[in-house]
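Novice: Structure below; questions to follow.
Computed from the coordinates by the stated procedures, all read-outs in this text should not be read as laboratory data. The shown structure was predicted, so the numbers you read here are calculated from the model rather than taken from an experiment. Here Cβ is always computed from backbone atoms with ideal geometry, including for glycine, and neighbour counts include all displayed protein chains.
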Amino acid sequence: MTPETKPDAGQSLPAISVYNTLSRSIEPLTTRVPGQVGLYVCGMTVYDYCHIGHARAMMAFDVVVRHLRHRGYVVRFVRNHTDVDDKIIARAKERGTPPLELSSMFIRALEEDLSGLGIGAPDFTPKVSEHIGDIVTLIGELMSKGHGYRAENGDVYFAVESSPEYGKLSGKRIGDQRAGERVAVDTAKRHPCDFALWKAWTGDDAEPRWPSPWGEGRPGWHIECSAMARHHLGETFDVHGGGIDLIFPHHENEIAQSECGNGKPYAAYWMHNGHLTLQDDSGDSVKMSKSLGNIMRIRDILAEVPGEALRLMFVESHYRSPLPYSSDRLTSALVALDRLYCAKETAFGSSGDAAPPTMGEPGLEAWETATAFQERFTAAMDNDFNTAEAMGHVFDLVRCVNRLGNDRGARTKAGAILAPARSAFDLIATVLGIGAMSPAEFFDEVKTKRLLAQGRSVDEIDAKIAARGAARASRDWAEADRLRTELDADNIVVMDGAAGSTWRMRVGE
Ligand SMILES: [Zn+2]
């Protein structure tokens, strides 16, 4: 990159480092305007419900944005919706729905799913259908500079051979592509890597179409991101993100279009999240596909577990690592989240001003771990958003607080010792979006969702708990024990207190 994209203004900002796919190395984050980050992330093609693979990409950048904001950066976050696309047209035809109606419906579904995962809305969510003017303008600029051509079939293509730096992101050389080409897939193109900027209308009324200097038609896929990023972030901006599968050809093509069209560098940093793969019972990777019937939709998972369980599962891995998904892994994440909320309940539910080492070694350990937490956690996150390492510190904290919580005196004595732990839980909620509920809300959500998944209800359990209470009151110990055994077998944990009995779902079994 030229110095123009990375001004070396002595920033008094936190030293955050980022793995840049473009340089294949970890670099200090230096933004065009100190303290401000322009971020563009490729969004979804909205023709179906989102699955956990999509959720991983959305989560990765949600955490990036949360951490940057926490560290004082002003982030201008743009994530698009691809609402004009061949897949959308095909699905709309199948259903007999206008394509833009279908995509609007799935945008609403996507927003619901992401909100269920605690993923905040970007500052801008541009849609292709609302940026046709920007797209046509950019294609016109590319044509006038000799980077595009209109083929015999009426489509307009980008000529990759006109872009000397084509391949710099992916490392692919277009010469290799030509050598490896066995058959000319599309004779309309001059080079097999050339890609459509504008697709001519075929005359099918089911296709959405707009006027352009090259006739009626619709944009090719890649051009939309170049046009929408320029509209919202300018010709040159800081960070571009997306899934690793988008490096080639999508991001390579975006760079070519934008840098040839604008005559300026495009994004300075390219961040890519790793794939999510499904694992079967024997631990082998399987492809998630409709034909195998194993698509894990976000909404189906959210019906069974709180969204934070999925968040926790995602952040246990670094965003660049591949993430093998299995239901066991999700269950483990739910168990870990349950422990975190038990610790949070102890930290926020305790009073008293005992100072360490009054409460012995567990008190001292909890106090020391919580006191050191912020620095350790932040250092991990500053280092290319290393959530895997950050979660190691979270688990240390949770373990120490729960250990202290086993002490019956913790509730009335450990308030001061656990003050740094309370700050730590607030930090975790802000940056990772985990532990953001009150413990009572979390335990209630687990109850409702787990019971519903088993075809039972909270009312049914409440009635059984009440029956046990009545049996105890009438000293019918045999009946009370029988009910307790039954509840225990159903993973209901009963806690008897002065104000009566409460209960929770035991997770993980
Ligand atoms: Zn894109």
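Novice: What angle, in degrees between 0 and 90 and rounded to the nearest 10, separates the Cα long axis of helix 86-95 from the longest principal axis of the Cα atoms of the chain?
Specialist: 70 degrees
Novice: A further question follows. Relative to the longest principal axis of the C-alpha atoms of the chain, give the angle of the C-alpha long axis of helix 52-70, reported between 0 and 90° and rounded to the nearest 10°.
Specialist: The answer is roughly 80 degrees.
Novice: With charges only on Cβ, +1 for K and R and -1 for D and E, what is the dipole size of the stretch 456-505 about its Cα centre, in debye, rounded to 20? Spell out each step's value before the answer.
Specialist: On the way: 8 positive and 10 negative charges, 23 e Å.
Here the stretch 456-505 has a charge dipole of around 120 debye.
Novice: Have a look at 266, 114, 499 and report the one farthest towards the positive end of the charge dipole of the chain, computed about the Cα centre with Cβ charges (Lys/Arg +1, Asp/Glu -1).
Specialist: Going by the Cα projections, it comes out as 499.
Novice: Still on this structure, please answer the following. Once you keep just the Cα pairs under 8 angstrom separated by 6 or more residues, what percentage relative contact order results for the stretch 456-505?
Specialist: On the way: 31 pairs, mean separation 11.9, N = 50.
Across the stretch 456-505, relative contact order equals 24 percent.
Novice: Counting each pair of different Cα atoms once, what's the Kirkwood radius of the stretch 29-277 in Å, rounded to one decimal? It would help to have the intermediate numbers written out before the result.
Specialist: Values: mean 1/r = 0.0530 Å⁻¹.
Value: 18.9 Å, from the Cα pair sum.
Novice: While we're on this one: So what is the diffusion coefficient of the stretch 98-146 in µm² per second by Stokes-Einstein at 25 °C and 0.890 mPa s, using a Kirkwood Rh over Cα pairs? All intermediate terms of the calculation are to be shown ahead of the outcome.
Specialist: Working: Rh = 13.2 Å.
Answer from the Stokes-Einstein relation: 185 µm²/s.
Novice: If you place +1 on the Cβ of every Lys and Arg, -1 on the Cβ of every Asp and Glu, and leave all else neutral, what size is the dipole of the chain about its Cα centre, to the nearest 20 Debye?
Specialist: Details: 57 positive and 71 negative charges, 65 e Å.
In total the dipole reaches around 320 debye.
Novice: A follow-up question, please. So which of 87/145; 290/449; 290/344 end up more than 29 Å apart, counting from Cα to Cα? Please report the intermediate quantities before stating the final value.
Specialist: Details: 87/145 31 Å; 290/449 26 Å; 290/344 40 Å.
Violating the 29 Å limit, Cα to Cα: 87/145; 290/344.
Novice: What are the radius of gyration and Dmax of the stretch 456-505, computed over its Cα atoms and given in Å?
Specialist: Gyration radius and largest Cα-Cα distance of the stretch 456-505: 10.1, 28 Å.
Novice: Provide the FRET efficiency to the nearest 0.05 for the residue 485-residue 12 pair, computing r from the beta carbons and using R0 = 41 Å.
Specialist: Working: r = 63 Å, r/R0 = 1.53.
Working from the Cβ atoms, E equals 0.05.
Novice: Sticking with this structure for a sec: Determine the calculated [θ] at 222 nm for the chain from helices alone, applying -39500 (n - 2.57) to every DSSP H run no shorter than 4 residues and normalising by the residue count; nearest 500 deg cm²/dmol.
Specialist: Working: 17 runs with 232 residues, N = 509.
Helices in the chain give a 222 nm mean residue ellipticity of -14500 deg cm²/dmol.
Novice: How large is ³J(HN,Hα), in whole Hz, for each residue of the stretch 393-399 in order, when computed from phi with the Karplus curve 6.51 cos²θ - 1.76 cosθ + 1.60 and θ = phi - 60°, using x for Gly and Pro?
Specialist: Coupling constants for the stretch 393-399: 5, 4, 5, 4, 4, 4, 4 Hz.
Novice: Straight-line reach from residue 168: which lysines have Cα under 16 Å away, leaving out those fewer than 8 places along the same chain?
Specialist: 264
Novice: Considering amide H positions built from the backbone, and no H for Pro or chain starts, which residues 5 or more places from residue 318, or on another chain, come under 5 Å of its amide H?
Specialist: Result for residue 318 returns 388.
Novice: If the chain between residue 101 and residue 284 were fully stretched, how many nm would it gain, using 0.36 nm times the residue separation less the Cα-Cα distance? Spell out each step's value before the answer.
Specialist: Values: separation 183, 0.36 × 183 = 65.88 nm, distance 3.89 nm.
Length difference between fully extended and current span is 62.0 nm.
Novice: Using the Cα centre of the stretch 29-277 as origin and beta-carbon charges of +1 (Lys, Arg) and -1 (Asp, Glu), tell me which of 203, 103, 236 is placed farthest towards the positive end of the dipole.
Specialist: After comparing all options, I get 236.
Novice: What are the ³J(HN,Hα) couplings of the stretch 366-379, residue after residue, when phi is run through the Karplus curve with 6.51, -1.76, 1.60 and θ = phi - 60°? Round to Hz, x for glycine and proline.
Specialist: Couplings: 5, 5, 5, 5, 5, 5, 7, 4, 4, 5, 5, 4, 5, 4 Hz.
Novice: Which whole number in µm²/s is D for the stretch 281-383 by Stokes-Einstein, with the Kirkwood Rh taken over Cα pairs at 37 °C and 0.692 mPa s? Numbers along the way, then the final one.
Specialist: Values: Rh = 17.0 Å.
For these conditions, the coefficient is 193 µm²/s.
Novice: Could you work out the mean projected area of the convex hull around the alpha carbons of the stretch 183-233, in square nanometres to one decimal?
Specialist: Orientation-averaged projected area of the Cα hull: 4.9 nm².
Novice: I'd like the FRET efficiency for residue 291 and residue 478, computed as 1/(1 + (r/R0)^6) with the beta carbon distance as r and R0 of 56 Å, rounded to 0.05. Could you put the intermediate results ahead of the total?
Specialist: Numbers: r = 55 Å, r/R0 = 0.99.
That pair, residue 291 with residue 478, gives E of 0.50.
Novice: From zero up to wherever the largest Cα-Cα distance of the chain sits, split into 10 Å bins and tell me the percent of pairs in each.
Specialist: Distribution as computed: 4, 16, 23, 23, 16, 9, 6, 3, 0, 0 percent.
Novice: So how much slack lies between residue 303 and residue 406, counting 0.36 nm per residue of separation and subtracting their Cα-Cα distance, in nm?
Specialist: On the way: separation 103, 0.36 × 103 = 37.08 nm, distance 3.19 nm.
Between residue 303 and residue 406, full extension yields an extra 33.9 nm.
Novice: Now for a different question. Under the rule of at least 5 residues apart or a separate chain, name every residue whose amide H is placed under 5 Å from the amide H of residue 37.
Specialist: Long-range HN contacts for residue 37: 74, 75, 76.
Novice: Compute the projected area of the convex hull of the Cα atoms of the stretch 1-152, averaged over all viewing directions, and report it in nm² to one decimal place. Please report the intermediate quantities before stating the final value.
Specialist: Working: hull surface 49.2 nm².
If you wrap the Cα atoms of the stretch 1-152 in a convex hull and average its projections, you get 12.3 nm².
Novice: Principal axis extents for the stretch 84-185, Cα atoms only, whole Å, descending order, please.
Specialist: 46, 32, 32 Å, listed from the longest principal axis down.
Novice: Same structure again: Return the long-range amide H neighbours of residue 243 (sequence gap of 5 or more, or a different chain), with a cut-off of under 5 Å between placed amide H atoms.
Specialist: Amide H neighbours of residue 243, under 5 Å, 5+ apart: 273.
Novice: What per residue convex hull volume, in Å³, do the alpha-carbon atoms of the stretch 186-278 yield?
Specialist: Considering the Cα atoms of the stretch 186-278, their hull volume per residue is 157 Å³.
Novice: Could you give the angle, 0 to 90 degrees to the nearest 10, between helix 439-453's Cα long axis and the longest principal axis of the Cα atoms of the chain?
Specialist: For helix 439-453, the angle is close to 80 degrees.
Novice: On to the next question. Hey, got the Cα dimensions of the stretch 383-441 along the principal axes, in Å, largest first?
Specialist: 40, 23, 17
Novice: Let me ask something else. Can you give the three extents of the C-alpha atoms in the stretch 327-439 along their principal axes, from longest to shortest, in whole Å?
Specialist: Principal axes ranked by extent give 38, 30, 22 Å for the Cα atoms.
Novice: Further question on the same structure: Only residues of the stretch 241-276 count here: report those whose backbone N is under 12 Å from the spot 7 Å along Cα→Cβ of residue 168, or say none.
Specialist: Under cut-off, by backbone N: 255-260, 263-269.
Novice: Round to the nearest 0.05 the FRET efficiency obtained for residue 264 and residue 395 when R0 = 41 Å and r is the Cβ-Cβ distance. Please report the intermediate quantities before stating the final value.
Specialist: Numbers: r = 45 Å, r/R0 = 1.10.
After rounding to 0.05, the efficiency reads 0.35.
Novice: Would you work out which of 419, 348, 398 lies farthest towards the positive end of the dipole of the stretch 327-439, given +1 charges on the beta-carbon of Lys and Arg and -1 on that of Asp and Glu, about the Cα centre?
Specialist: Looking along the dipole axis, the top candidate is 348.
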